[in-house]
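The values are calculated or read from the model by the stated rules, or taken from the named source; none is laboratory data. Remember, predicted model here, so these are calculated numbers, not experimental data. Here the Cβ positions follow ideal geometry from the backbone for every residue, glycine too, while neighbour counts run over all protein chains shown.
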Amino acid sequence: MKSSLKQFRLIAALEGVSFILLIALAMPLKYMFDMPTPNKIIGMVHGVLFVAYVFFLYQVASDRKWSLKKVAIAFIASLLPFGAFVLDAKVLKPEQEQA
């Protein structure tokens, strides 16, 4: 079975991609071209991935005894476009290599 950190890295990447698709594709389609369906679909997928992100963040933080500061940074990263990718490069990948 995969480690919780590997699972979190995968969920973070998927959540980051869904966030970018929501902002760059679905929102313009909805508001510029009056096409709400892609927004509903991508929005739902993104919502599910965000909940999974928070769940796995809690799991990894518990398993690895992360500080509150590190957890807060990881959570805030999920709210920013490209934040999940920066978090992966600066925090998650080095931590996985260290283990």
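For the range 73-99, which positions are hydrophobic (A, V, I, L, M, F, W, C) and farther than 18 Å from Gly16 by Cβ?
Quick first cut of the range 73-99, residues hydrophobic (A, V, I, L, M, F, W, C) only: 73-77, 79-80, 82, 84-87, 89, 91-92, 99.
The one that is hydrophobic (A, V, I, L, M, F, W, C) and farther than 18 Å from Gly16 by Cβ: Ala99.
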Screening Ser78, Ser67 for residues that are surrounded by fewer than 12 Cβ atoms within 10 Å (Cβ to Cβ) and either touching a Gly at 6+ places or on another chain (Cβ under 9 Å) or without any contact (Cβ under 8 Å) to a residue 24 or more places away in the chain (or both) leaves only Ser67
Of the residues in the range 8-62 that are more than 20 Å from Leu80 (Cβ to Cβ) and of a type in the set (A, V, I, L, M, F, W, C), the one that is nearest to the chain's Cα centre (by Cα) is Met44
Any chance the range 86-99 includes a residue that's among the charged types (D, E, K, R), at pLDDT below 95 and exposed (fewer than 12 other Cβ atoms within 10 Å of the Cβ)? yes
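Could you tell me whether Leu22 is surrounded by 13 or more Cβ atoms within 10 Å (Cβ to Cβ), under 14 Å from Leu92 (Cα atoms), touching a helix residue (DSSP H, G or I) at 6+ places or on another chain (Cβ under 8 Å) and touching a residue at least 12 places away in the same chain (Cβ under 8 Å)? Steps first, answer last, please.
Details: surrounded by 13 or more Cβ atoms within 10 Å (Cβ to Cβ): yes; under 14 Å from Leu92 (Cα atoms): no; touching a helix residue (DSSP H, G or I) at 6+ places or on another chain (Cβ under 8 Å): yes; touching a residue at least 12 places away in the same chain (Cβ under 8 Å): yes.
Considered against the rule, which asks whether it is surrounded by 13 or more Cβ atoms within 10 Å (Cβ to Cβ), under 14 Å from Leu92 (Cα atoms), touching a helix residue (DSSP H, G or I) at 6+ places or on another chain (Cβ under 8 Å) and touching a residue at least 12 places away in the same chain (Cβ under 8 Å), Leu22 comes out as no.
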